[in-house]
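The values are calculated or read from the model by the stated rules, or taken from the named source; none is laboratory data. The structure displayed is predicted, hence computed values, not measured ones. Using ideal geometry, Cβ is built from the backbone for each residue, glycine included, and neighbour counts are taken over all protein chains shown. Keep in mind that these areas ignore ligands, DNA and RNA; they rest on the heavy atoms of the full protein, side chains included. Shrake-Rupley method; radii C 1.70, N 1.55, O 1.52, S 1.80 Å.
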Amino acid sequence: MTMISTQLSAVRQRIGAACQAAGRPLDAVMLLAVSKTFGADAVQAAFEAGQTAFGENYIQEAVEKITALALLPIQWHCIGPIQSNKTRLVAAHFDWVHTVDRLKIAERLSDQRPAELAPLQVCIQVNVDGGPTKSGVVPGDALALAQAVAGLPRLRLRGLMCIPEPAPDFDSACAVFKRASDLFAELKAQGLTLDTLSMGMSADLEAAIASGSTMVRVGSAIFGTRSRPA
Ligand SMILES: *Cc1c(COP(=O)(O)O)cnc(C)c1O
């Protein structure tokens, strides 16, 4: 077994144990492997170990990998910030985008989504903890943005995503994740059809799953420590 396949199984076991502890079905949580800064060879190794969904932060770097691995049936998720001048590349190459936090970006993605591709699957990024990255819509504006995004023809709104600051312990991590899951429930109660709550990373996936995450985004626990900051 390669290191990547060994670590991938360990992460799958953590997800399974967390689902069990939360009394949730084992298939309630999807694993997104975050391959930013790692090469196409690492993605391929994880693919050969059964992983088919990958997340990338840097558009240019991602497009190179997506192009190199075009023959593999991989689902590509954009999880990095998107500037207006990158929407065309994102719309052309990715299957999912987790980081929509402005209507203008959503409109560009919808306009630029190639006609021959399925609608782009979208999560709205919410800033649940007022964290210093400043990415994400404030929770009070999430419903209006979600309703507007849901009306765009070439996007399909799937849910919410958040990246809270690292919490000191399990309970405080859960308290922050719960704000996202409460908001998720509120949006559904307002009539939006949502099935994805993207939250939890290598360090806090157990707390995210305990709080209702349906998709965890895991990088270093699968691929190892990143040599450049990300
Ligand atoms: C890098 C990154 C991850 C993965 O982080 P790890 O701590 O390596 O698991 C998840 N989500 C986003 C948005 C990221 O940028």
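Quick notes
- Residue that is within 18 Å of residue 129 (Cβ to Cβ) and of a type in the set (Asp, Glu), where the choices are 195, 169: 169
- Residue 37 fulfils the conditions (1) under 23 Å from residue 211 (Cβ atoms); (2) within 13 Å of the ligand (Cβ to nearest atom) except for a single criterion, (1).
- Qualifying positions in region 179-230 - of a type in the set (D, E, K, R) and either within 16 Å of the ligand (Cβ to nearest atom) or surrounded by 13 or more Cβ atoms within 10 Å (Cβ to Cβ) (or both): 179, 182, 186, 188, 204, 206, 217, 226, 228
- Search result, residues across region 13-29 that are under 16 Å from the mean Cα position of the chain (by Cα) and open to solvent by less than 20 Å² (accessible area, probe 1.4 Å): 15, 29
- Breaking point among (1) over 30 Å from residue 118 (Cα atoms); (2) open to solvent by 30 Å² or more (accessible area, probe 1.4 Å); (3) assigned to a helix (DSSP H, G or I), for residue 166: (3)
- Whether a residue is on the phi > 0 side of the Ramachandran plot and under 18 Å from the mean Cα position of the chain (by Cα) was assessed, and residue 37 passes this test.
- Test: residue in region 134-141 that is within 16 Å of the ligand (Cβ to nearest atom) and at pLDDT below 95: yes
- Inter-residue pairs, beta-carbon under 6 Å, first in contact (Cβ under 8 Å) with a residue 24 or more places away in the chain and surrounded by 13 or more Cβ atoms within 10 Å (Cβ to Cβ) and in region 104-116, second assigned to a helix (DSSP H, G or I) and among the hydroxyl-bearing types (Ser, Thr, Tyr), 6+ apart: 108/87; 109/87; 112/87
- Annotation: residue 12 fulfils all but one of (1) within 16 Å of residue 217 (Cβ to Cβ); (2) in contact with a Phe, Trp or Tyr (Cβ under 8 Å, 6 or more places away or on another chain); (3) within 16 Å of the ligand (Cβ to nearest atom); the unmet one is (2).
- Residues of region 30-72 that turn out to be in a strand (DSSP E or B) and open to solvent by 30 Å² or more (accessible area, probe 1.4 Å), as a count: 1
- Selection status of residue 90, open to solvent by less than 10 Å² (accessible area, probe 1.4 Å), closer than 18 Å to residue 196 by Cβ and assigned to a helix (DSSP H, G or I): yes
- Verdict on residue 153 being assigned to a loop (DSSP other than H, G, I, E, B), more than 16 Å from the ligand (Cβ to nearest atom) and over 13 Å from the mean Cα position of the chain (by Cα): yes
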